[in-house]
Structure formats: C-alpha cells, structure tokens
Amino acid sequence: MSEVIIFQDLISLGEKTNLPCFENVLSQAVKYFYRCEKCTYSDLEETLIDDFKIRNDFQQEKLKAKILEFKNEMYWVFKYLKLIQFIQLDPEGFISISSKGRDFLSKYPPEKGQLENIDYLVSIKDYFVSFDLELDPIVVPYNKFIQFSDEKKAKKTLTSFFCSKDYDIQDFIWNKIGRFEDRSICRSYLILDRKNSDDENFYILGFFSLALKILTVDQEKLTRKQKKDMNLLRDQDGIPSYFIAQLGKNDMFKYNFKGKYLLDEAVNIVYECIEMLGGNIVWLEANKETDYVLRFYKNNGFIELQSEVQEDKVERIQLVKYLNTE
C-alpha cells in the first residue's frame, strides 16, 4: 500500500470530516505546533475544537458527543507526540516542537500552503516511521486486564485504541468487548506496552479476539488435498474450528508495531487450544475489496478458501491456515 493511500484521509484546514480520526487530529496538531512557537494545551484544545466545529454541521445534540470524542483523540495525540519526542513541555507548561522535531522539519522546510499538501504530510509520516520507539509488548487476556486494573484506568486505556481503516474494530474495543466476553461469544487479548505505560494508562498496541465457530464448506468444490487437510468425513459440511474474529493495530503505533506480531500471537494461542482440545484449522474473514489486508494474511500462511456475500451485503473472503499437518 502506497504512502499516499495511507495518508489520503488526512484533512486540511477547511476540509470537512464526519468523524475525528487519529491521523486527522495528528496532522492538525503538527500544523498548529509548527505555526505557534509556544502554546499551552488549553490553547491547542480550544483552537482545534473551534476548527472542528466550523468544518462540521452536526446537530446540537450530536455535537457535544463528537467534541468529547475529539477531545479524547487530542489527548492521545498529545501523549503520542511527547512519546516520540516530537514536542516538549517546559516547566511553565508551554508546548513547543522539540529539537528532534525541528531537525526533522528542517529537512522538509514548509513553504506557504505546504502544510495542507498531501506530499508534505507523507514526509511527516516518514518521521514517525524513522523514530526508533522502543516497545515491550505483552499479551494480556481481556478478562485478566479488567480483573486487575482500576476501572477508570481500564476505561481510559480502551478508549486509547483508534482504527481509522475499520471503525467497527474501534467500536468493538470501545463498546462491545466486555459484553462479548461476558456472554462467552469470544475471548479477547490485548497487546500492552510495558515500556511506556504510566500511572494514568496502559498503551494498547493492538488486540485480537478468538472464538469457536463452524466453518461451512461444500465438499464438491474442494480438492482432494483440501479434504485431507481438513480431516473431513464423508458428507460432512461443517468443521468445528478456531476463528480469529477480530484483529487490529492501534493507529497510534501503526508505524512502530508490526501486524505480524498480532497474528503470530493469535495463532500461538490457537496452538495451545489444539494441544488441549484437538482440531487443526484456524480461519478468518476479510473484505474482498481490501487487497492489502488479503495480501497480509496470505503472506503469513493463510490460504484463500471461499467467499460469500454476508447479511451486510459485503462480500468477504474466508482464509484458512492448517495447523499440525504434514
């Protein structure tokens, strides 16, 4: 996927967006810090909120909720820019671009209007990619995280997860993960960063959810090898198997944390389940139109099996991986 595609949804001043997106807010904050030699956090918040309200025409009852969501993203953008040392905070509480940030910007001196230019925003992305952010990931089951975390800190941590590419994934971890866990629909696992977490919150690098699910197949459309790999019995059209129901990276760490780590950890847990319960198939689904997602799974050992148009009218590809087979 090209860098321009990655950054195509970044907004410029005056452009309209229905939902605040982490990268939108990130680009707006970088622009503001560049234009102001020094500012306070309240200055940043007030300016960006005013701009957000001007660019959108939400009805009054929706505007308050959107502003709260926008404030939440501003808070995490601020923490992220401090974490990668793009900005600094002086003893009097004023924020400014750090020497590291200015060294980077000096290589790409912005001219008039360039901060709204997609090519310049791509060059800002290069800074985030090149910064060697040290992470120490650990896999934590969601139920253990909730059990041993302060309620306020846990809620703040979950709402630090952003996924602009698939808002349903973000909505799941913000609003549904607990309900699905309580009803045993799936089991979710958070990838937390031990290195940079602090007293206020943990940093979520990504998460995944696993479930037991029947993989429905039509034997007439399968090859002999596929039937053998699946251990299919004659006339069997459903296979109890392990399903990766959710998998996503946090936008905040998308340049510093690889999706392969997430997928490998999910498969490792499936291996543990196989040792106890048997089975040999793990599978998942991906939108047929998302070529880069399909390519990612195929590069990591998943094989395209079949596709189906589901209730939401979206055609999804089912991809499988055979475990413990010769």
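Can you name every one of the strands (runs of 3 or more DSSP E) wholly within the stretch 185-249 that holds 2 or more residues which are among the β-branched types (Val, Ile, Thr), touching a strand residue (DSSP E or B) at 6+ places or on another chain (Cβ under 6 Å) and under 30 Å from Gln170 (Cα atoms)? Write out each step before concluding.
On the way: elements: 187-193, 203-216, 238-249.
Here the list reads 203-216, 238-249.
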Self-check item: Any hit, the stretch 131-141, residues being among the acidic types (Asp, Glu), surrounded by fewer than 14 Cβ atoms within 10 Å (Cβ to Cβ), in contact with an Asp or Glu (Cβ under 9 Å, 6 or more places away or on another chain) and within 24 Å of Tyr80 (Cα to Cα)
Solution: yes
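For the structure I just gave you, tell me whether Lys213 is in contact (Cβ under 8 Å) with a residue 12 or more places away in the chain, surrounded by 15 or more Cβ atoms within 10 Å (Cβ to Cβ) and out of contact with any helix residue (DSSP H, G or I) (no Cβ under 9 Å at 6 or more places or on another chain).
Details: in contact (Cβ under 8 Å) with a residue 12 or more places away in the chain: yes; surrounded by 15 or more Cβ atoms within 10 Å (Cβ to Cβ): yes; out of contact with any helix residue (DSSP H, G or I) (no Cβ under 9 Å at 6 or more places or on another chain): yes.
Here the answer is yes, as Lys213 does meet what is asked.
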Quiz item: Is it the case that some residue within the stretch 312-321 is at pLDDT 90 or above and under 30 Å from Leu83 (Cα atoms)?
Solution: no
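Would it be correct to say that Glu289 is within 23 Å of the chain's Cα centre (by Cα) and assigned to a loop (DSSP other than H, G, I, E, B)?
Values: within 23 Å of the chain's Cα centre (by Cα): yes; assigned to a loop (DSSP other than H, G, I, E, B): yes.
The answer is yes for Glu289.
Quick grid of which residues meet (1) of a type in the set (D, E, K, R); (2) within 22 Å of Asp264 (Cα to Cα):
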{"position": "Ile138", "(1), (2)": "no, yes"}
{"position": "Phe145", "(1), (2)": "no, yes"}
{"position": "Ser160", "(1), (2)": "no, no"}
{"position": "Tyr203", "(1), (2)": "no, yes"}
{"position": "Arg224", "(1), (2)": "yes, no"}
Exercise. Give the residue, chosen from Tyr255, Tyr203, that is surrounded by 14 or more Cβ atoms within 10 Å (Cβ to Cβ), within 20 Å of Lys165 (Cα to Cα) and either modelled with pLDDT of 90 or more or not assigned by TED's automatic domain parsing to the domain that holds Asn300 (or both).
Key: Tyr203
Practice problem: For Ser197, indicate whether it is assigned by TED's automatic domain parsing to the domain that holds Phe243 and at pLDDT 95 or above. | Solution: no
Self-check item: Single match in Ser27, Ser42 (criterion: under 30 Å from Phe296 (Cα atoms), modelled with pLDDT of 50 or more and assigned to a helix (DSSP H, G or I))
Solution: Ser27
Self-check item: Restricting the stretch 165-190 to residues that are more than 18 Å from Gly259 (Cα to Cα) and acidic (Asp, Glu), the residue that is surrounded by the most Cβ atoms within 10 Å (Cβ to Cβ)
Solution: Glu181
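The values are calculated or read from the model by the stated rules, or taken from the named source; none is laboratory data. Not measured: the values here are computed from a predicted model. Cβ atoms come from the backbone with ideal geometry, glycine included; neighbour counts cover every protein chain shown.
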